[in-house]
Amino acid sequence: MSTSPSNLLRDYRAKRDFAKTREPKGAPSAKSVNGKKLAFVVQKHDARRLHFDFRIELDGVLKSWAVTKGPSNNPSDKRLAVRVEDHPLDYGSFEGTIPKGQYGGGTVMLWDEGYWEPIGDAREGLKNGDLKIRLHGSRLKGEWVLVHMKGRDNGKRENWLLIKHRDDHARDHNTLVDHYTRSVVTARDFEDIAKGNKPKKPPPKKPMVVERNAEASAREKSAPTRKSKAKAGTRPKYQPPQLATLVDDIPTGNDWLFELKYDGYRCLASLSGSDVRLFTRNGKDWTEQFDVIREPLSKLGADSALIDGELCAFNAKGRTDFATLKEALTSGGPLVYFVFDLLELDGKDLKKQPLLKRKELLKKLIGKTGAGAQVQFSEHVRGHGEDVFNKVCAEGHEGIIAKKADAPYRNARTRDWLKIKCTKRQEFVVAGWSPSDRKSTFASLLLGSYDGEKLVYHGRVGTGFSVDDSERIQALLDRLSRKTSPFDKAPPPEIKRDARYVTPQLVAEIAYTELTPDGYLRHPSFIGLREDKDAEAVRLETPVTPPRKPAPKSLNSDAGEKAARDYGVHLTSPDRVAFPDQGVTKGELIAYYAAVGERMLVYAAKRPLSLVRCPQGRAKHCFFQKHDSGGFPDQMKTIRLKENSGKTQDYFYVDDVAGLLAGTQMNVLEWHLWGVSIDALEKPERLIFDIDPDEAVNFSEVKRAAEDVRAYLKDKGLKSFPLVTGGKGIHVIAPLKPEAGWEEVKTFCKQAAIDMAEAEPDRFVATSSKAKRKGKMFIDYLRNERGSTAIAPWSTRSREGAPVAVPVSWPQLKKVKHANEFSLTEALKRAKLSDPWTDYFDLEQTLPT
């Protein structure tokens, strides 16, 4: 048969109806996207069976193989590659959907592209079934071979193997298919492509600059470039970077510089003229992974330098974001290197110089860089730390770094550098996983941190994972599998029962609200794997807190003991510490509730209660209690209620301050209310929305959401009031005349949540699913069901800092910085002022029809 492209494409055209599919017919004038170079492309094809189509240009067409498991850069992996019909050259730019019912129906993604070189005679290699090639792609690099298994062909089907040769681009484990899950051209995933969503980055206007073979790369690195005037000096050796200490309080005064805390990979750049090497914080050479910033650094004009900084990527909101960085490293997205310190310059050690001097020299070296530059100087503010922190947090960033202006650079963790976080995040070691009944990958990861040589269990994380994350991590877990637990003490029995363990090598960055008294993570969410940090170095970070300030006289234990006597409550162990971080005792809590009791009872008296009790303080085991189990003082009243299940149980309620003090004597740290009076149990007297944000959402956004709920209710004729919960959210509450039933109230609130979520899907969700809530706020309407509860106004919370749920007015809410900012002392001050919910009980509001 003739080897003209027209004849070679007969099978391709015969299998397709071009009136129904957008695949190219194969224009006679089609040329390679690489001009004179031979093109290659890999297309990930979600057809009847997921596979990767490997195509190389030869004789005017794309010779093609279907690789069932995708390429592997591990030479030990021999991937089955089934030879298929030749494809036209312009198929190399096809990305889209082939209609169902058509040949190859499904979604096609451009997974890799570039050019290839034959090693030897390509046509002879193809004919003899031993085709050796060198690839220059964005993802596939170096030498490969296609081997025809002639004795294993099945009819017309030719079975080949695609194998990676061992070279500088080979790896001992496959890092390709699991890492690269989006289009190399448009950064879209399969769902984006199937829906026809716009590209997430513009297609490249010219062929991608690719790395040459190992020999050529070595020659390039040693040769001077014309663009750089720098003379090659001695390239500085890697040094351990200076690390910051986590604290709660922001230092004051002009002795401190304040910088943004970047959310990325710590990166030290060692320069010798145009020779640049890039290291992670623990000394790993990641020059290849961070290659995109090597060229701009090579043009700085220094004989030699050692620079400290952070490699970052921006998310859609213009913030540095670790998850976005991981995706950018995978898909080739844009990166920025923020530089903030200079350790060496032109052979001179600068570490003993004051920080301000080092930054001055660094800024001069970097020169003027505008927005969008790949290397940017990290600006700072001198003094005004509180203002900087508030602004940074309001804009949704992770936090700030405070640095002593006159301090030298020290290669260790010191208190000359402090980090203050807006939200809690840190690394944990992955030491196992719990299987899922619904999917082939894990349900949750088992996490820990090292205390000396002991690995301490800190709980599980099961949210924040994309499908790609889950599949990639599961593959890593399978390779690290072991039979015994690496934890010093086994997880709780209910976790241990189904646990699968792994050698503790993986490190995950986790966002969470707090650690429970047992040391377990509360509301954890997965951010990403940290490949730049060693598992053995992961320690639990706890803020360094200043000495406790003495409680005011009105809240001391003596006042609590007197109040208990006055109200006839038998108080035991008044000096037992209820909140260890603050040193708050049971006696001080009694004093607090005696002081705010009358204000609290306005909203809490004669309502069915659920309680959070912590008999040994919040540092130990706490539990939720709905029913009277006996042993409570007489001042705690009970009422028999029929539950939704039909079972009748004794529920608590209080009707005076003595009841609140009796509950506190029984170690109640949280009081949760039904939205109904015990006198009219089926007629709710309020409706309530709990704005529950994802960990990544800043409190300023939560406040804006509360205002939106307020506006929605106002449009329906309902006045509402905000409650700062002492946790992470805000409750918006509208009082009602007790006329409508539970189902009516819940239906109205559910529709309101749906309306808001449909109006602004980028901000709100109306479902409790953590996976769908990522980066958004859940408008929680479920507290309007019979038996559901919400935190009572003026109740303490069993959380770090001993925060209080405080009712505020709408103007006051604008000035609140955090949902948990009100301490016992601050709450007491507010309780002595006029009630911000002045006309709460005067409103004659009914549920809109």
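Starting from residues that are open to solvent by 10 Å² or more (accessible area, probe 1.4 Å) and touching a Pro at 6+ places or on another chain (Cβ under 6 Å), keep the ones in the range 682-716 and report whichever is farthest from Leu782 (Cα to Cα). Walk me through it before giving the result.
From the range 682-716, those open to solvent by 10 Å² or more (accessible area, probe 1.4 Å) are 682-683, 685-686, 690, 692, 694-701, 703-704, 707-708, 710-712, 714-716; that's our starting set.
Keeping just the survivors that are touching a Pro at 6+ places or on another chain (Cβ under 6 Å) gives 683, 685-686, 716.
Values: Lys683: 16, Glu685: 16, Arg686: 13, Lys716: 20 Å.
Among those that are open to solvent by 10 Å² or more (accessible area, probe 1.4 Å) and touching a Pro at 6+ places or on another chain (Cβ under 6 Å), it is Lys716.
The one condition from (1) among the small types (Gly, Ala, Ser); (2) free of Cβ contacts under 8 Å to residues at least 40 places away in the same chain; (3) crowded, with 21+ Cβ neighbours inside 10 Å that Ser64 does not meet is (3).
If you go through the range 316-369 and pick out every residue that is touching a Leu at 6+ places or on another chain (Cβ under 9 Å), more than 17 Å from Asp532 (Cα to Cα) and of a type in the set (Ser, Thr, Tyr), you end up with 1. Annotation: Ala47 fulfils all but one of (1) without any contact (Cβ under 8 Å) to a residue 40 or more places away in the chain; (2) surrounded by fewer than 19 Cβ atoms within 10 Å (Cβ to Cβ); (3) small (Gly, Ala, Ser); the unmet one is (1). Among residues belonging to the range 553-598 that are in contact with a strand residue (DSSP E or B) (Cβ under 9 Å, 6 or more places away or on another chain), open to solvent by 50 Å² or more (accessible area, probe 1.4 Å) and in contact (Cβ under 8 Å) with a residue 24 or more places away in the chain, point out the one that is farthest from Trp794 (Cα to Cα). Across the range 553-598, the extreme among qualifying residues is Arg576.
For the range 622-636, a residue qualifies if it is part of a loop (DSSP other than H, G, I, E, B), in contact with a Ser or Thr (Cβ under 9 Å, 6 or more places away or on another chain) and open to solvent by 50 Å² or more (accessible area, probe 1.4 Å), and the qualifying residues are Lys626, Asp628. Test Ser720 against the stated conditions and say whether it is among the small types (Gly, Ala, Ser) and either at positive phi or surrounded by fewer than 20 Cβ atoms within 10 Å (Cβ to Cβ) (or both). Considered against the rule, which asks whether it is among the small types (Gly, Ala, Ser) and either at positive phi or surrounded by fewer than 20 Cβ atoms within 10 Å (Cβ to Cβ) (or both), Ser720 comes out as no. Checked against the criterion of being farther than 30 Å from Arg460 by Cβ, at pLDDT below 90 and crowded, with 19+ Cβ neighbours inside 10 Å, the candidates Val392, Val375 yield just one match: Val392.
Scanning the range 751-790 for residues that are farther than 30 Å from Lys642 by Cβ and either among the small types (Gly, Ala, Ser) or in contact with a His (Cβ under 8 Å, 6 or more places away or on another chain) (or both) returns Ala757, Ala759, Ser769, Ala771, Gly775.
Annotation for the range 130-147: no member residue is under 30 Å from Ser466 (Cβ atoms) and of a type in the set (Asp, Glu).
Could you pull out the residue among Leu365, Leu361, Leu329 that is hydrophobic (A, V, I, L, M, F, W, C), closer than 24 Å to Leu271 by Cα, surrounded by fewer than 22 Cβ atoms within 10 Å (Cβ to Cβ) and free of Cβ contacts under 8 Å to residues at least 40 places away in the same chain? So that I can check it myself, show each step before the final result.
Details: Leu365 fails: free of Cβ contacts under 8 Å to residues at least 40 places away in the same chain; Leu329 fails: free of Cβ contacts under 8 Å to residues at least 40 places away in the same chain.
Leu361 is the lone residue from the list that is hydrophobic (A, V, I, L, M, F, W, C), closer than 24 Å to Leu271 by Cα, surrounded by fewer than 22 Cβ atoms within 10 Å (Cβ to Cβ) and free of Cβ contacts under 8 Å to residues at least 40 places away in the same chain.
Does at least one position in the range 163-183 carry a residue that is of a type outside the set (Ser, Thr, Tyr), touching a Leu at 6+ places or on another chain (Cβ under 6 Å) and crowded, with 18+ Cβ neighbours inside 10 Å? No, every residue in the range 163-183 fails to be of a type outside the set (Ser, Thr, Tyr), touching a Leu at 6+ places or on another chain (Cβ under 6 Å) and crowded, with 18+ Cβ neighbours inside 10 Å.
In the range 25-127, counting only strands (runs of 3 or more DSSP E) that sit wholly within it, the ones holding 2 or more residues that are charged (D, E, K, R) span 38-46, 50-58, 79-88, 106-118.
For the range 291-322, filtered to residues that are touching a residue at least 60 places away in the same chain (Cβ under 8 Å) and open to solvent by 40 Å² or more (accessible area, probe 1.4 Å), the residue that is farthest from Leu271 (Cα to Cα) is Lys317. Can you name the residue in the range 400-430 that is basic (Lys, Arg) and touching an Asp or Glu at 6+ places or on another chain (Cβ under 8 Å) and is also surrounded by the most Cβ atoms within 10 Å (Cβ to Cβ) among such residues? Among those that are basic (Lys, Arg) and touching an Asp or Glu at 6+ places or on another chain (Cβ under 8 Å), it is Lys403.
Restricting to the range 806-845, and then to whatever is in a loop (DSSP other than H, G, I, E, B) and small (Gly, Ala, Ser), can you tell me which residue is surrounded by the fewest Cβ atoms within 10 Å (Cβ to Cβ)? Step through it out loud before you land on a result.
Applying the first criterion (in a loop (DSSP other than H, G, I, E, B)) to the range 806-845 yields 808-809, 814-823, 832-845.
Checking which are small (Gly, Ala, Ser) leaves us with 809, 819, 823, 834.
Details: Ser809: 14, Ala819: 24, Ser823: 17, Ser834: 8.
Checked the range 806-845; the qualifying residue surrounded by the fewest Cβ atoms within 10 Å (Cβ to Cβ) is Ser834.
If you go through the range 437-451 and keep only what is under 18 Å from Glu536 (Cβ atoms) and open to solvent by 10 Å² or more (accessible area, probe 1.4 Å), you end up with Tyr450, Asp451.
With the condition being under 29 Å from the mean Cα position of the chain (by Cα) and under 26 Å from Gly560 (Cβ atoms), I'd like the strands (runs of 3 or more DSSP E) fully within the range 637-734 carrying at least 2 qualifying residues. Lay out the reasoning, then the answer.
On the way: elements: 637-642, 648-653, 668-673, 686-693, 721-724.
The qualifying strands (runs of 3 or more DSSP E) are 721-724.
The set of residues in the range 739-779 being open to solvent by 70 Å² or more (accessible area, probe 1.4 Å) and either at pLDDT 95 or above or in a helix (DSSP H, G or I) (or both) consists of Glu743, Glu744, Thr747, Lys750, Gln751, Glu758, Ala759. Scoring Lys261 on the criteria (1) over 25 Å from the mean Cα position of the chain (by Cα); (2) surrounded by 14 or more Cβ atoms within 10 Å (Cβ to Cβ); (3) at pLDDT 80 or above; (4) under 26 Å from Gly528 (Cβ atoms) leaves a single failure, condition (1).
Regarding Ala475, is this residue open to solvent by less than 30 Å² (accessible area, probe 1.4 Å) and of a type in the set (A, V, I, L, M, F, W, C)? Answer is yes for this residue.
Of all residues in the range 599-615, those that are in a loop (DSSP other than H, G, I, E, B), touching a residue at least 60 places away in the same chain (Cβ under 8 Å) and open to solvent by 10 Å² or more (accessible area, probe 1.4 Å) total 2.
Of the residues making up the range 452-472, those that are open to solvent by 30 Å² or more (accessible area, probe 1.4 Å), part of a strand (DSSP E or B) and aliphatic (A, V, I, L, M) number 1. Candidates in the range 515-537 are the residues that are in a strand (DSSP E or B) and crowded, with 17+ Cβ neighbours inside 10 Å; of these, the one that is farthest from the chain's Cα centre (by Cα) is Leu515. For the range 560-581, the criterion of being in a loop (DSSP other than H, G, I, E, B) and under 17 Å from His672 (Cβ atoms) is met by none of the residues.
The values are calculated or read from the model by the stated rules, or taken from the named source; none is laboratory data. On a predicted model such as this, the values are computed, not experimentally measured, just so you know. Cβ atoms come from the backbone with ideal geometry, glycine included; neighbour counts cover every protein chain shown. Surface accessibility is based on the protein's heavy atoms, side chains included, excluding ligands, DNA and RNA. Shrake-Rupley method; radii C 1.70, N 1.55, O 1.52, S 1.80 Å.
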